[in-house]
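Below you'll find the structure, written out as structure tokens, and then a few comments.
The values are calculated or read from the model by the stated rules, or taken from the named source; none is laboratory data. Predicted, not measured: the structure shown is a model, and the values here were computed from it. Neighbour counts are summed over all protein chains in view; Cβ atoms, including those assigned to glycine, are modelled from backbone coordinates with ideal geometry. Each accessible area value is taken on the protein alone, full model and side chains, heavy atoms only, with ligands, DNA and RNA left out. Shrake-Rupley method; radii C 1.70, N 1.55, O 1.52, S 1.80 Å.
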Amino acid sequence: MNLDRVREYLLETSRTASRTADECAESILAAAAAIVAAVRDGGKLLICGNGGSAADAQHLATEFVSTLTIDRRRAAIPAIALTTDSSLLTAVANDFGFEDVFARQVEALGRAGDVLLGISTSGGSENVVRAFAQARSQGLRKIALTGESGGPLGPLSDIQINVPSSATSHIQEAHIAVGQLIAFLVEDELHPLE
């Protein structure tokens, strides 16, 4: 084990966060504004991703529905992680293919004016790409949270937040921070402190 390795890894985490602040601030604000508009119009936020991004989807949905801080009680903000129903996921994967596990849920749950947030470090997860195509056909706003390239999700999204890194671990770290920040911005707008 090497102390330099520890320092370099954490410094790169910090550099990625700094570049994200510089390059993604406007997209982050646009994403929060889209979610606020959807909720004010009676809509909801749908969130999807694979692997670590699936965990991020669940975490973020929880922050909206529960609360960000225990000392700030407010009404629940409607958000659903499309990654959590194992019976549904396995049935759709078996009957239609894993590529459609999120698209089928968007078809069933999504309404015009809702927002779909897709989390993918590469921007190339086929099941997220198909969910965005389905969302487009139903009139949902689409936010892509990806790495620097944006991948195939880029052209399908209304708002892109492309974390300026090609390292999966640092992209994922930034995704957690961006998701938390968006949740705070939405909360502040919908339930301002008195």
*Starting from segment 105-118, take each residue that is part of a strand (DSSP E or B) and list its partners that are open to solvent by 40 Å² or more (accessible area, probe 1.4 Å), counting only C-beta distances under 8 angstrom and pairs at least six apart or across chains.*
115/44; 115/141; 116/141
*Find the residue count for segment 46-88, including only residues that are among the hydrophobic types (A, V, I, L, M, F, W, C), closer than 16 Å to residue 134 by Cβ and either at pLDDT below 95 or buried (at least 18 other Cβ atoms within 10 Å of the Cβ) (or both).*
5
*Please specify each residue of segment 38-81 satisfying the condition of being under 21 Å from residue 157 (Cβ atoms), touching a residue at least 24 places away in the same chain (Cβ under 8 Å) and small (Gly, Ala, Ser).*
38, 43, 49, 52, 53, 54, 57, 79, 81
*Do we have any residue at all in segment 97-117 that's surrounded by 22 or more Cβ atoms within 10 Å (Cβ to Cβ), under 24 Å from residue 10 (Cβ atoms), within 11 Å of the chain's Cα centre (by Cα) and of a type outside the set (Ser, Thr, Tyr)?*
no
*Only one of (1) farther than 26 Å from residue 66 by Cβ; (2) part of a helix (DSSP H, G or I) is not met by residue 171, so which one is it?*
(1)
_Whichever residue in segment 126-148 is part of a helix (DSSP H, G or I) and among the β-branched types (Val, Ile, Thr) and, among such residues, is nearest to residue 49 (Cα to Cα)_ = 128
